[in-house]
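S.K.: Quick one: the structure is below, and I'll ask about it shortly.
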Amino acid sequence: EADIYQTPRYLVIGTGKKITLECSQTMGHDKMYWYQQDPGMELHLIHYSYGVNSTEKGDLSSESTVSRIRTEHFPLTLESARPSHTSQYLCASAGLAGGIDTQYFGPGTRLTVL
Amino acid sequence: GIQVEQSPPDLILQEGANSTLRCNFSDSVNNLQWFHQNPWGQLINLFYIPSGTKQNGRLSATTVATERYSLLYISSSQTTDSGVYFCAVGITGANSKLTFGKGITLSVRP
């Protein structure tokens, strides 16, 4: 299993604050992903990266931004949080090894914007 | 883009019962994974199964790629099996991403 970490696990903040959700993996995976998921609902891909200095927007439009300066690190930033950003944010990574392309998830960050 | 449909959307079982969860997809894929999301929100990869059959304890999965469906079997269900089961598909490669189904919510009652 890949080791993938997200901090913080829970975050409650006020409207207008800038926040950064951290995601790190120790498996050397080139591919990393951010998903947004409301409780009991489907996962929506909001950002992904295929390697250092590579970032792409996902299927669901998001006001967040991401960066990939190091292979192991893929932070997500909201410049000005709003109540509509309240959700769970899941980070994942994947590496192609021996033809097997398995995706592994971090524990998630539950964000509440008041 | 590719469409992924999972059925049934909800399932309630008595502990000890068996169940079959289905995933249909609309286009050819060479990457199919099943995940379990526990009540705390953590997603665990159950199977990487683009074709064929695999078994892991009480769980097994079968993918018939030519007919574009996959089945997840849960035998002798336990309360810890409760949660949401997601099927995700895609094309393996350096630039791959997965398309997820909407999930199947399983509740196992004691």
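S.K.: What FRET efficiency would be calculated for the residue pair residue A:100, residue A:27, taking the C-beta separation as r and a Förster radius of 22 Å, to the nearest 0.05?
M.R.: 0.95
S.K.: Of the candidates A:65, A:102, A:77, which one comes out as most mobile in a Gaussian network treatment of chain A with C-alpha springs shorter than 10 Å?
M.R.: Comparing A:65, A:102, A:77 in a Gaussian network model of chain A, the most mobile one is A:102.
S.K.: Between residue B:12 and residue A:82, how many nm apart are label points set 7 Å from Cα along the C-beta direction?
M.R.: Spacing of the two 7 Å Cα→Cβ label points: 3.9 nm.
S.K.: Now, a different point. Using 7 Å Cα-to-Cβ label points, what is the residue B:2/residue A:41 separation (nm, one decimal)?
M.R.: My value for the distance between the label points is 2.4 nm.
S.K.: Of all trypsin sites (Lys or Arg not before Pro) in region A:17-114, which ones are in loop regions per DSSP and have a Cβ with at most 11 other Cβ atoms within 10 Å?
M.R.: Those satisfying the criteria are A:18.
S.K.: Around residue B:78, which amide H atoms from residues at least 5 apart in sequence, or from another chain, sit under 5 Å from its own amide H, with H modelled in the peptide plane?
M.R.: So residue B:78 has HN proximity to B:16.
S.K.: Further question on the same structure: Using 15 Å as the cut-off for backbone N distance, which residues of region A:21-57 belong to the label zone defined by a point 7 Å from the Cα of residue A:13 along Cα→Cβ?
M.R.: A:21-23
S.K.: Return the single residue from A:21, A:43, A:96 with maximal mean-square fluctuation; model: Gaussian network over chain A, springs between Cα atoms under 10 Å.
M.R.: Of A:21, A:43, A:96, the most mobile in the Gaussian network model is A:96.
S.K.: Can you tell me which of A:89, A:48, A:104 moves the most in a GNM of chain A? Springs connect C-alpha atoms under 10 Å apart.
M.R.: Of A:89, A:48, A:104, the most mobile in the Gaussian network model is A:104.
S.K.: Just how far, in whole angstrom, is region A:89-114 from region B:67-110 if you go by their alpha carbon centroids?
M.R.: Centre-to-centre (Cα) distance: 15 Å.
S.K.: Sticking with this one: Using θ = phi - 60° and the Karplus curve 6.51 cos²θ - 1.76 cosθ + 1.60, what whole-Hz ³J(HN,Hα) does each residue of region B:103-108 get, with Gly and Pro shown as x?
M.R.: Each residue's phi maps through the Karplus curve to give x, 10, 8, 10, 10, 10 Hz.
S.K.: Explain nothing, just the number: dipole magnitude of region A:63-114 about its Cα centre with +1 on each Lys and Arg Cβ and -1 on each Asp and Glu Cβ, in debye rounded to the nearest 20.
M.R.: 100
S.K.: Turning to a different aspect of this structure: Can you run the Rg to Rh ratio on region B:4-109? Use alpha carbon positions and the Kirkwood inverse-distance Rh. Kindly include the intermediate steps, with their values, before the conclusion.
M.R.: Values: Rg = 13.2 Å, Rh = 13.8 Å.
Using only Cα positions, Rg/Rh for region B:4-109 is 0.96.
S.K.: Let me ask you something else. In chain A, which longest range has no GluC sites (Glu not before Pro) that are both DSSP loop (not H, G, I, E or B) and surrounded by at most 13 other Cβ atoms within 10 Å? Numbers along the way, then the final one.
M.R.: Working: sites that count: A:1, A:63, A:79.
Maximal segment without exposed cleavage sites: A:2-62.
S.K.: Per the Kirkwood definition applied to all pairs of different Cα atoms, how many angstroms is the hydrodynamic radius of chain A?
M.R.: 14.1
Coordinate-derived values only; no laboratory data. Just so it is clear, the structure is predicted and the values come from calculations on it, not from any experiment. Reconstructed Cβ throughout: ideal geometry from the backbone, glycine too, with neighbour counts over all protein chains shown.
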